[in-house]
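Peer 1: Have a look at this one.
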Amino acid sequence: MNYLKSTPDSEGFFGEYGGAMLPPPLEPHFKEIREAYLRISKSAEYIRDLRYIRKHFQGRPTPVSYLKNLSDKCGGAQIYAKREDLNHTGAHKLNHCMGEALLAKHMGKTKLIAETGAGQHGVALATAAAYFGMECEIHMGEIDIEKEAPNVTRMKLLGATVVPVGFGGRSLKEAVDSAFNAYVPQADTTLFAIGSVVGPHPFPMMVRDFQHIVGIEAREQFMEMTGDLPDIVAACVGGGSNAMGLFSGFMDDEGVALYGVEALGTSSNLGDHAATLTYGEDGDIHGFRTIVLKDKDGEPAPVHTIASGLDYPGVGPEHAHLHRTGRVTYTACDDKEALNAFYAISRHEGIIPALESAHAIAFAMREAPKHPGKSILLNLSGRGDKDIDYVTETFGFGEAD
Ligand SMILES: *Cc1c(COP(=O)(O)O)cnc(C)c1O
């Protein structure tokens, strides 16, 4: 049996990770989503609609680019990038948001609700809601609203209601609680749309399935370009959705080494990084079992990285499982390496990447010299327009080389 068909099990477990630990009021709603997804995602109409959207709205397939200049500079392996920065809205997130919104439509729902941290998931979901003519409610911490003003503007332009969350730390964790509380009384008409391969079953499976298109396309395109499979496939890991998308295309290719790249922030001290799989331990977070970065009281620890899309103290349960089985190797790049990669690919390839994606590029630049004659395919999960002001105001324009 192939990997994707056999994983997760019917309870949403990837080995011992995953599942759904829900407060009783949410149980029936997640059961409804689970059953609807299993039924609707197999229907010809749903599949046809999703194909149409990917081609005519999102602009898929996105290309694979050969990064010749960067490869020459690094020396060693040849580096290729799957260009999710060219997906509509500039990142891979729309792949699962369109899938979730289409599911909501087929379930007869009229509204989407979610939390957002830096605002990337909120913008992608608001885009999907506008496409389908649905209402959209995005919960966001007051601190994040201040920090991420352009994304708040985008969400509002797209017709979403942004609900400021003003209790506790006024950030992502509180936004999750606020969105869940707001969801319960309106669950009959609303779908809760999670933004990565995290959360209770069926979301880790469902979001992976929606991102699988990235891996399917990339495998075919890479074969067409080079006549072979890549030796190494790499992607950054926050919650882990862009990585699962790319990895899922190569999971059964035993000769392809898979690497997940976490954010090492400023140091390996707790609080300075977001390298969950590298430094975390088994635990529960947001309704599922996974590997978690914990503080000394066993609570999810504060995290830091230059890339706000990677700052989560947990990780998708499938990554915890793949870490445990050894099918994927997890490593980390720090802020400095990511910044260096951000400047290098901008200058040498004409691609300004998201700081999240820059972690995967940094990994490829680090590994390339060690593997002459081999190839590396990385996921360029998003474009860097959102990051240019922060980077140049804080760090300048980089060294000339
Ligand atoms: C949100 C985001 C990520 C991190 O999310 P994953 O679920 O780990 O993929 C990575 N890259 C970009 C561009 C993002 O917007």
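The values are calculated or read from the model by the stated rules, or taken from the named source; none is laboratory data. Because the structure is predicted, anything quoted here is derived from the model rather than measured. FYI the Cβ positions are ideal-geometry reconstructions off the backbone, even for glycines, and counts take in every protein chain you see. The area values use the complete protein model at the heavy-atom level, side chains included, leaving out ligands, DNA and RNA. Shrake-Rupley method; radii C 1.70, N 1.55, O 1.52, S 1.80 Å.
Peer 1: Just by accessible area at a 1.4 angstrom probe, what is the order of Thr62, Thr329 from largest to smallest?
Peer 2: On the way: Thr62 0, Thr329 65 Å².
I get Thr329, Thr62, largest accessible area first.
Peer 1: Counting only the heavy atoms of the protein chains, how much of Asp334 is accessible to a 1.4 Å probe, in Å² to the nearest 10?
Peer 2: 40
Peer 1: Over the chain, calculate the relative contact order: mean separation of alpha carbon pairs under 8 Å at least 6 apart, over the residue count, as a percent.
Peer 2: 20
Peer 1: Can you find, among Ala234, Ile285, Ser268, the residue farthest towards the positive end of the dipole of segment 181-328? Put +1 on the C-beta of Lys and Arg, -1 on that of Asp and Glu.
Peer 2: The residue sitting most towards the positive pole is Ile285.
Peer 1: Who wins for biggest fluctuation among Arg54, Arg83, Arg383 in a Gaussian network model of the chain, springs between alpha carbons below 10 Å?
Peer 2: For the chain, modelled as a Gaussian network with Cα springs under 10 Å, the answer is Arg54.
Peer 1: Say we join alpha carbon atoms closer than 10 Å with springs in a Gaussian network model of the chain; which of Gly76, Gly133, Gly227 then has the biggest fluctuation?
Peer 2: Answer for the Gaussian network model of the chain: Gly227.
Peer 1: Also, I was wondering about something else. Counting only protein heavy atoms, what percent of the accessible surface of segment 237-326 is carbon or sulfur at a 1.4 Å probe?
Peer 2: On the way: 1310 of 3100 Å².
In segment 237-326, the share of accessible area belonging to carbon and sulfur is 42 percent.
Peer 1: Leaving ligands and nucleic acids out of the surface, order Tyr52, Tyr131 by accessible area at 1.4 Å, largest first. The partial results should precede the final answer.
Peer 2: On the way: Tyr52 130, Tyr131 85 Å².
Descending order: Tyr52, Tyr131.
Peer 1: So what's the net charge close to Gly373: Lys and Arg +1, Asp and Glu -1, counting the other residues with Cβ under 14 Å from its Cβ?
Peer 2: Net of charged neighbours comes to -1.
Peer 1: Another question, if that's okay. Could you work out how far apart the two model spin labels at Asp389 and Thr110 are, taking each label as a point 7 Å from the Cα in the direction of the beta carbon, and quote it in nm?
Peer 2: So the two model labels end up 3.6 nm from each other.
Peer 1: Could you report the accessible area of Ser268 in Å², rounded to 10, computed with a 1.4 Å probe on the protein chains as they sit in the structure?
Peer 2: Here the accessible area works out near 60 Å².
Peer 1: A follow-up question, please. Where nothing but the Cβ of Lys and Arg (+1) and of Asp and Glu (-1) is charged, how large is the charge dipole of the chain around its Cα centre, in debye to the nearest 20?
Peer 2: 1100
Peer 1: How would Glu45, Glu393, Glu367 line up by accessible area, probe 1.4 Å, largest first?
Peer 2: Descending order: Glu393, Glu45, Glu367.
Peer 1: Would you mind pulling out the separation of the Cα centroids of segment 152-176 and segment 281-302, in Å?
Peer 2: Here the two parts' Cα centres lie 24 Å apart.
Peer 1: Can you give the Rg and Dmax of the chain based on its C-alpha atoms, in angstrom?
Peer 2: 19.7, 58
Peer 1: Suppose all protein chains stay in the model; what accessible area per residue would a 1.4 Å probe give for the chain, in Å²?
Peer 2: Value returned for the chain: 40 Å² of accessible area per residue.
Peer 1: Also, I was wondering about something else. Step through the table entries Lys109/Lys147; Lys82/Lys109; Lys42/Lys109, compare each Cα-Cα distance with 26 Å, and write down the pairs that go over it.
Peer 2: Working: Lys109/Lys147 32 Å; Lys82/Lys109 33 Å; Lys42/Lys109 19 Å.
Beyond 26 Å: Lys109/Lys147; Lys82/Lys109.
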